[in-house]
Amino acid sequence: MPFMHLSANEIDVRWQYRYANQYPKAIRLVSAGLLNLKPLVTHRYPLEQGIEAFETANDITRGSIKVQILDG
């Protein structure tokens, strides 16, 4: 994410942390092809449609699991 864009537009980025020791195991499973995570990303939006992306993520009637905002 371009820091200056975030700063100039007063955009807050918040990170979600999970259990620290689970990432290496999850990465091994995905790398081995035992987990396909692509179906979990149900919606993708360009950065310009960020507001709609957040609305989708917030609206349970839209059936989103994971919403991605893509830059570029």
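What follows draws every value from the coordinates through simple rules; no lab data is involved. Quick caveat, the model's predicted, so the values are computed rather than measured.
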_5 Å is the cut-off here: which amide hydrogens, built 1.01 Å from N in the peptide plane, fall below it relative to Thr42, excluding neighbours closer than 5 in sequence?_
Ile65, Lys66
*Here are several values of volume of the Cα convex hull per residue in Å³: (1) 130; (2) 93; (3) 196. Which one was derived from the coordinates shown?*
(1)
*asked:* Using helices alone, I'd like the mean residue ellipticity at 222 nm for the chain: each DSSP H run of four-plus residues gives -39500 (n - 2.57), total over residue count, nearest 500.
replied: -9000 deg cm²/dmol
*For the chain, with a Gaussian network of springs between Cα atoms less than 10 Å apart, report the residue from Asn36, Asn58, Asn21 with the top mean-square fluctuation.*
Asn21
